[in-house]
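I have placed the structure first, in the form of structure tokens, so that the comments after it can refer back to it.
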Amino acid sequence: MVRIMPCRFIAEVGSCHLNDLRIARRFIREAKKAGAWAVKFQWIDEGSTESEHNANIFLPESWIPELKKEADKQDINLFFSAFGHVDVKMDKVAGYGIRHMKFPFSQRRENWLHGMRATQKFDEVFVTVNVEDREHIADDPKMTVLYTATSPLPSGDDFRVLYPPPYEVDFGFLDHRLGFDGFSDHTLGIRQTLRAVAAGCIVIEKHCRLDSTPMWVPHPDHRKDHPQRVHDAAIAITFKELGAAIRAVDYIYDGYDVKVGKVGGVRAVVGQKGPSTCVIPF
């Protein structure tokens, strides 16, 4: 497993680009400004189940070289998680000179073999699983394994990712015997994100949004009585919050006890270490 310090933050765009390439490019600039190590998009096809589930938002292949150009300009890592035809998309992503790849939880089982092949094509491959499925992911120096909070489906034969988890996450999954490197974080805000860093996560994937990202968008048939929810926006944090979490990492490593609170009516990360205090407003 890859062990790189300090903790690397991946800004996950999800559906928050709203099918607008200009907004997608802005996400890359904002992620860089916040201090993220990488920005990640979801390569979802138009008309797919994933797209229909999330306000008919998708990402065309023609965007990939444009996003790569912007990421290179900003000097930030760019990569994708691919939905549908993963084997083909993996080859195409590598062909654009992108050096990382992500396999999402929803496709973890059918993509175990893809994941192993991906380590031959990419510098690093990220896989999201829960504790129950961790044993199926082979240890590989190019494989970085992220934990996500799940619950069993009513059928009992699979799991669903919790958006958001309605409880305090138990970071016991970081026990070295379980073999997790980091956290695919779908919690609200950054309080549990900071707990994850303090617990030893070396990679945090966090959904982000712009201040202007809406929670709802018009129905494609312009039916005013049926707006569509942008599901990823509901759990995403702003880039100000992401920047505050990233700036807090050094304080956490230095032994500060950090919490999210308010100072002078302004939300902030507040850290305490003996008589010393740090305040990071957002």
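FYI, it's all coordinate maths here, none of it is from the lab. Given the structure is predicted, the values throughout are model-derived calculations rather than measurements. Quick reminder, even Gly has a Cβ in these numbers, built from the backbone with ideal geometry, and neighbours come from all protein chains shown.
Report the label-to-label distance for residue 88 and residue 120 in nanometres (one decimal), using points 7 Å from each Cα along the Cα→Cβ vector.
If labels sit at residue 88 and residue 120, their model points lie 2.1 nm apart.
Any idea how far apart residue 131 and residue 259 come out in nm if each label point goes 7 Å out from Cα toward Cβ?
The two pseudo-label positions are separated by 2.7 nm.
Stretched out fully, how many nm does the piece from residue 22 to residue 279 gain, at 0.36 nm a residue minus the Cα gap? Don't skip to the answer; put the middle values down first.
Values: separation 257, 0.36 × 257 = 92.52 nm, distance 3.35 nm.
Residue separation times 0.36 nm, minus the Cα-Cα distance, leaves 89.2 nm.
Sorted from fewest to most neighbouring beta carbons within 10 Å, what does the list 102, 33 look like?
Final ranking by Cβ density, sparse to dense: 33, 102.
Say we join alpha carbon atoms closer than 10 Å with springs in a Gaussian network model of the chain; which of 254, 185, 75 then has the biggest fluctuation?
254
Please give the per residue volume of the convex hull enclosing the alpha carbon atoms of the range 171-282, rounded to a whole number of Å³.
Expressed per residue, the convex hull around the Cα atoms of the range 171-282 is 125 Å³.
Once you list every other residue whose beta carbon is under 13 Å from the beta carbon of residue 91, what net charge do they have if Lys and Arg are +1 and Asp and Glu are -1?
Residues near residue 91 contribute +2 overall.
Using a 10 angstrom cutoff on alpha carbons, build the Gaussian network for the chain and name the most mobile of 172, 264, 35.
Taking springs between Cα atoms under 10 Å, the residue moving most is 264.
How do 207, 85, 176, 231 line up, fewest other C-beta atoms within 10 Å first?
176, 85, 231, 207
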